[in-house]
Amino acid sequence: MTIPPSHPAGGAPTAPEGALGQSVAGFLEDLGEERQAPGSGSAAAAAIAMAAAVVAMAARASREAWALGAGSAGQAEALKVRAASLVEEDASAYFEAAAALESATRNDVETTADPALGSKLEHAAAVPFTLAQIAGDTALLAAEVAEHGADAQRADAVAACLIAEGAGRAEAHLVEINLGLAPGDGRRMLLRDIRATLAEARDRALGTTA
């Protein structure tokens, strides 16, 4: 797994701060610190959660024009909660994997010979993989709202879809980089399916503006 150090050169790994209770300014400040966690995975997770929140708003505002508006809003809220719950977990999983990998390297331990380390590395990749899936569901739901919701909410639904697509592609990229997936790894096919879902949702959403 390709995990760079989660700390400035010469220092010890620094545990990430909690993100959910922070202000936007505080979260952005943490992202800009000289460490790898929280990093792009947490940023993309937050973007997915925000995209889902916008979808919920657009669907809720479409209830009078669309019979499925309320139900779609509920689905979007559930996606928002799932993505938001992984903002901190992404940073924590990355930190634990980076610290364990650094310890193994320092003690000249083969990564393949350490089950505990292998478990941490897999978990650090499982979180962005789950987030990529959530992004796909969010993008599809956003496209649905763009197609069937109130006209006044279409622009927000399309924008939310594009945000989810970009963040989902970022998470998929991190899975591939962090795991160093071999050509025959089944997760490559799953990531390809997720990317196809994101592209489909994007095209559907943008099609409502043509």
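The values are calculated or read from the model by the stated rules, or taken from the named source; none is laboratory data. What you see is a predicted model; the values in this text were computed from it and never measured. Please note: Cβ atoms are built from the backbone with ideal geometry, for glycine as well, and neighbour counts cover all protein chains shown.
Across the stretch 23-62, which residue is nearest to Asp151 (Cα to Cα) among those that are in a loop (DSSP other than H, G, I, E, B) and among the polar types (S, T, N, Q)? Taking the candidates together, the pick is Ser62. Which residues, taken from the stretch 124-174, are modelled with pLDDT under 95 and more than 9 Å from the chain's Cα centre (by Cα)? Correct list: Ala124, Ala125, Ala126, His173, Leu174. Residue selection: Leu31 satisfies the criterion of being of a type in the set (A, V, I, L, M), buried (at least 17 other Cβ atoms within 10 Å of the Cβ) and modelled with pLDDT under 85.
Within the stretch 165-188, identify whether any single residue is touching a Phe, Trp or Tyr at 6+ places or on another chain (Cβ under 6 Å), β-branched (Val, Ile, Thr) and closer than 19 Å to Ser40 by Cα, and answer yes or no. Yes, that holds for at least one residue. For Ala113, the criteria (1) under 24 Å from Gly136 (Cβ atoms); (2) surrounded by fewer than 21 Cβ atoms within 10 Å (Cβ to Cβ); (3) of a type outside the set (Ser, Thr, Tyr); (4) modelled with pLDDT under 95 hold in every case but one, which is (1). Scan the stretch 68-79 for residues that are touching a residue at least 40 places away in the same chain (Cβ under 8 Å) and part of a helix (DSSP H, G or I) and the total you get is 5. Scanning the stretch 189-210 for residues that are surrounded by fewer than 16 Cβ atoms within 10 Å (Cβ to Cβ) and in a helix (DSSP H, G or I) gives Met189, Leu190, Arg192, Asp193, Ala196, Ala199, Glu200, Asp203, Leu206, Gly207.
If only residues of the stretch 65-96 that are of a type in the set (D, E, K, R) and at pLDDT 95 or above are counted, the one that is surrounded by the fewest Cβ atoms within 10 Å (Cβ to Cβ) is Glu77. Residues in the stretch 151-165 that are farther than 13 Å from Leu140 by Cα and surrounded by fewer than 21 Cβ atoms within 10 Å (Cβ to Cβ): Asp151, Ala152, Arg154, Ala155, Asp156. Inspect all residues belonging to the stretch 176-187 and state whether any of them is polar (S, T, N, Q) and modelled with pLDDT of 95 or more. Within the stretch 176-187, not a single residue is polar (S, T, N, Q) and modelled with pLDDT of 95 or more.
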